[in-house]
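To start, the structure under review is shown below, and the notes come after it.
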Amino acid sequence: MKEPKDTGGGNNDWVEPFKTIVKDKFNKILEFGCGTNSTYLMDNCHKLHSIEIVVRDDQQGWAKYVEELLKDKNHKMSVITHEDQYDKKLETKINKVFEKDYDVAFVDSGSHCRAELVNYCFKHKIPYILAHDTSHGFVEYGWDKIVVPEDYEVKEYSQGQGTKIWIKK
């Protein structure tokens, strides 16, 4: 299957910050948004769960591409079609596919509700939460909506598009 066109300008500048938390293979990683770098996450865990929130027609191709790319691995793909907003309907859809005991959540969704996804991960006490593209899109991605619980610390990496990692204390 041919790799879909990346319309978001994404790259892998989050990999180096991710390496700062990798001590050994993680058991289970949750990924909001999928792409060619899903293989890197898969290589660093025993089970990868990709949740693709489809808000544009071109995103459906990414879900199919990654599913085919990782078909012989311990990978689960969940596709949610929704408007580009975070609301109770979207949260209900996520809850239906959400599993327990994720070690890491990676937020690099094609949707603009990235901050709300980070807050969702805080609510579920995921030990490591990474978000990509944190050096821009303050309004578009709603980074100002993140409410960091007291039991998390944050590490910020400004290279490339920017990455933040929240670590549960």
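The values are calculated or read from the model by the stated rules, or taken from the named source; none is laboratory data. Just so you know, these numbers come straight off a predicted model, no measurement behind them. Cβ: placed from backbone, ideal geometry, glycine included. Neighbour counts: every protein chain shown. Remember, those area values only see protein heavy atoms, side chains included, never the ligands or the DNA or RNA. Shrake-Rupley method; radii C 1.70, N 1.55, O 1.52, S 1.80 Å.
What do you get for Rg/Rh over the stretch 33-125 if you use C-alpha atoms and the Kirkwood form of Rh?
On the way: Rg = 12.6 Å, Rh = 13.5 Å.
Using Cα coordinates only, the ratio equals 0.93.
State in Å² the accessible area per residue of the chain; use a 1.4 Å probe, count heavy atoms of protein chains only, and round to the nearest integer.
On the way: 8620 Å² over 169 residues.
For the chain, the solvent-accessible area averages 51 Å² per residue.
Over the alpha-carbon set of the chain, divide Rg by the Kirkwood Rh and report the Rg/Rh ratio to two decimals. It would help to have the intermediate numbers written out before the result.
Numbers: Rg = 14.6 Å, Rh = 15.9 Å.
Using Cα coordinates only, the ratio equals 0.92.
Taking the stretch 117-150, which trypsin sites (Lys or Arg not before Pro) meet the DSSP loop condition and have no more than 16 other C-beta atoms within 10 Å? Working shown, then result.
Numbers: sites: 123, 125, 145; in loops: 125.
Those satisfying the criteria are 125.
Note down the nm distance, to one decimal, between modelled labels 7 Å out along Cα→Cβ at residue 167 and at residue 139.
Distance between the two pseudo-spin positions: 3.5 nm.
Quick one: check the C-alpha center-to-center distance for the stretch 26-61 versus the stretch 136-169, whole angstrom.
Their Cα centres are 19 Å away from one another.
Would you compute, from DSSP H runs of 4+ residues alone, the mean residue ellipticity of the chain at 222 nm, taking -39500 (n - 2.57) per run and dividing by the full residue count, rounded to the nearest 500? Display every interim value, and only then the final one.
Details: 5 runs with 42 residues, N = 169.
Theoretical 222 nm ellipticity from helices: -7000 deg cm²/dmol.
With a cap of 12 neighbouring Cβ atoms within 10 Å, and only residues DSSP puts in a loop, list the trypsin sites (Lys or Arg not before Pro) found in the stretch 1-109. Walk me through the intermediate numbers first.
Numbers: sites: 2, 5, 19, 23, 25, 28, 47, 56, 64, 71, 73, 76, 88, 89, 93, 96, 100; in loops: 2, 5, 23, 25, 56, 71, 73, 100.
The qualifying sites are 2, 5, 23, 25, 56, 71, 100.
Counting only protein heavy atoms, what percent of the accessible surface of the stretch 47-89 is carbon or sulfur at a 1.4 Å probe?
On the way: 1060 of 2410 Å².
Percent of accessible area from carbon and sulfur atoms in the stretch 47-89: 44.
Working out 0.36 nm times the residue gap between residue 155 and residue 11, then minus their Cα-Cα distance, what length gain in nm do you get to one decimal?
Numbers: separation 144, 0.36 × 144 = 51.84 nm, distance 1.96 nm.
My answer for the length gained is 49.9 nm.
What ³J(HN,Hα) values, in whole Hz, does the Karplus curve 6.51 cos²θ - 1.76 cosθ + 1.60 give for the stretch 103-108 when θ = phi - 60°, with x put for Gly and Pro?
Listing the rounded values in order: 8, 9, 10, 10, 10, 8 Hz.
Take the residue pairs 47/145; 25/88; 23/71; 23/47 and return only those whose Cα atoms are more than 23 Å apart. Don't skip to the end; give the middle numbers.
Working: 47/145 30 Å; 25/88 34 Å; 23/71 26 Å; 23/47 16 Å.
Listed pairs above 23 Å: 47/145; 25/88; 23/71.
Calculate, for residue 95 and residue 46, the FRET efficiency according to 1/(1 + (r/R0)^6) with r their C-beta to C-beta distance and R0 25 Å; round to the nearest 0.05.
Working: r = 23 Å, r/R0 = 0.93.
E between residue 95 and residue 46, to the nearest 0.05, is 0.60.
Tell me which chymotrypsin sites (Phe, Trp or Tyr not before Pro) from the stretch 67-133 have a DSSP coil assignment and no more than 14 other beta carbons within 10 Å of their own. Let's see the in-between values first.
On the way: sites: 86, 98, 102, 106, 120, 122, 128; in loops: 86, 98, 102.
Filter output for the stretch 67-133: empty list.
To the nearest 0.05, how large is the calculated FRET efficiency for residue 19 and residue 60 if R₀ is 30 Å and r is the Cβ-Cβ distance?
Numbers: r = 31 Å, r/R0 = 1.03.
For residue 19 and residue 60, the calculated efficiency is 0.45.
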